[in-house]
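Heads up: the structure comes next, in structure tokens.
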Amino acid sequence: MSQTDTLIAIEKAEVGYREGFSNGHYNNHQKFSPAVPGLEWSQNQAWCQTFQSWAFQQAGVKILAPVTASCSTAVNWYKSRGRFSYYPAIGAMVFFGHSGGQHVGLVHKYDADYAYTIEGNTNANGSSEGNGVYLKKRARRDSYLYGYGLPKFTEGIVTADPGLKNKPGYTYMAVASSFESDALRVAEVEEALPWVSAIQLTWAAAHPTAEEQAAGNGAGTTADDVALLQDALEKVMGVAPGDPHSVFEVETQELFERFRTEKLGRSEVDGHEVPGVQELVELGRRSELFNVRAGSSPAAEQPWVSLNQVVWASTHSAREEQAQPGGDAGPKADVALVQDGLKRVMRTDVADERGIFETATQDLYDEFRRTMLHFSGSDAVGTPGTQSLTELGQRTGLFRVRTGFPVGGTTDGTDIDATGQIDPKQVTFHRYTPEGTLEDWIAQASTAAGVQASSHWVKGFKTAVVRESSGNPNACNLWDSNAKTPPGFSKVKDFGDGHLGDGRIVRLNGSLTHFQCSRGIVQCIPQTFAQRHAPGTSVNIYDPVACIAAAMRYVRSRYGVAIDGSDLARKVQQFDPNRPPRGY
């Protein structure tokens, strides 16, 4: 793939991303500023240019654009290099407002009248409060559009500038697109949009506010889907419902009924009901804000897939998988459904034998997590997890997900339940004064986590502890991609040792730090520590027994590690002294 298409694909994959939301408003808190070295300071500020800097960095073409949060700086950067034009180009940065200093996007297509762009920190309705990444259609002759910066791609750049005809590095085309055909382009746009569940929206429409709010804003709740529905109604109908954002109540229902009667031509008599699947599909199409999951058919009609069956298959050889029984007793039927789901959402065949989870299935599953779910780092690789597998089932409508059905009588973490789980906001960050040895902590953690004490656990955790924290129970990572405060959380007073990424360590002494920093002797984030918290252990993430016990329960649940840890090193590379470090 060319540099141009790689850059555009990366930006399109972010379409549908939304910044943080608090106190009834979007708040400019997003993932791009912390991920661009030198632009960390720009968090909570306008981020349209920061998004472009991030995308160029992700595409491996960082030198083709300035690393800046300022549109004006970017305009001047291109002008100083003689690569600024008043005609569009594929992969060009397009600048808006006075002298180009107010807003920026990236061109992925243009014709005689319009430039089609990908823009961060904008919205669907044209107001000044940007909230996410969108596909936009911009009139080329609009006075708000200032001009274009032309990156010096290796393959050259396609432009509508007649003054650049026959010049090396430029190809003149009056009309151009970044894709080979309209069909492929439409498919790319469709896949870039976020998904809503008809089941979630039907539930929200039929339940009172108190129940919706009690459901919260986490994965699997209605909040994000309702917010997209309200944004779509605002764009299509020209007016926003008066209900709180993410809550489906009377005014959202009334505006949806207006959409039915005024836009879809339905009579008022049959308009007073919860949203239907086809109505949602049409609203998503007209607003260009979301897709509707095919999984919105009644869940009772969908077969079950066992998470543990799929995890077992992903960590065993083809010969072992083929030796397992078929039907409900073995993993083959479950793996076949997963492969069918991957084929549907990724639009490509799976090269592995049907029902056998090997390299090709794993690679395609990882690609699904990266491009469709926007997972990154260790979250985007390895054995399937509950969240990604559930999402695959919902998007395709092919299956539901449950735990259970251990394969071949093995113990693969199926007995890890919610016992001991706490709310992430209950986690504390008090400094731990070391007592005992690492071996003592691992032994105590084994008892708390309900695993069989063994040399496998000791050897594995001794390896991981050195790699994760250098043996410091109070280690707090202040610099990697986890070091952020997600929506719904606040910064916390921390009393650990802050690692800055350049070898320096600072005593925090109660300083405010990002909630999600990796912490403790095996570097858990608070959300994982809370979810896998072992009953009877401390809620202090810096307590090494509590931290190790939570990590034990985590690797058993996520990777299917046996109760005696005998396969820990094989299944989780970070715990294997014979292989190089790799996050877990």
For this session: Starting from segment 466-487, keep only residues that are under 16 Å from residue 542 (Cα atoms), then list their pairs with residues that are assigned to a helix (DSSP H, G or I) and of a type in the set (Val, Ile, Thr) whose Cβ atoms are within a distance under 6 Å, requiring at least 6 positions of separation or different chains.
Result: 471/465
Problem set entry | Residues of segment 35-74 that turn out to be among the β-branched types (Val, Ile, Thr), surrounded by fewer than 22 Cβ atoms within 10 Å (Cβ to Cβ) and in contact (Cβ under 8 Å) with a residue 40 or more places away in the chain, as a count | 1
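Please tell me if residue 101 is at positive phi and in contact with a Ser or Thr (Cβ under 7 Å, 6 or more places away or on another chain).
Values: at positive phi: no; in contact with a Ser or Thr (Cβ under 7 Å, 6 or more places away or on another chain): yes.
Taking the combined requirement at face value, the residue does not satisfy it.
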Problem set entry | Residue match in segment 158-169 (condition: of a type in the set (Lys, Arg), free of Cβ contacts under 8 Å to residues at least 24 places away in the same chain and either over 26 Å from residue 39 (Cα atoms) or in the same structural domain as residue 39 (by TED's automatic domain parsing) (or both)) | yes
Problem set entry | Residues within segment 508-558 that are touching a Phe, Trp or Tyr at 6+ places or on another chain (Cβ under 9 Å) and basic (Lys, Arg), tallied | 3
For this session: Determine whether segment 217-238 contains at least one residue that is at negative phi, at pLDDT 85 or above and surrounded by fewer than 15 Cβ atoms within 10 Å (Cβ to Cβ).
Result: no
For this session: Select from segment 491-538 the residues that are touching a residue at least 60 places away in the same chain (Cβ under 8 Å) and of a type in the set (A, V, I, L, M) and write down the one among them that is surrounded by the most Cβ atoms within 10 Å (Cβ to Cβ).
Result: 521
Seminar exercise, completed: Screening 313, 333, 329 for residues that are outside the structural domain of residue 228 (by TED's automatic domain parsing) and modelled with pLDDT under 80 leaves only 329
Exercise. Inside segment 117-138, can you point out the residues that are in contact with a strand residue (DSSP E or B) (Cβ under 6 Å, 6 or more places away or on another chain) and without any contact (Cβ under 8 Å) to a residue 40 or more places away in the chain?
Worked result: 117, 136, 137
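The values are calculated or read from the model by the stated rules, or taken from the named source; none is laboratory data. From a predicted model like this one, the values you see are computed outputs, not experimental measurements. Methodologically, a virtual Cβ is constructed for each residue, glycine included, from the backbone with ideal geometry; neighbour enumeration extends over all protein chains shown.
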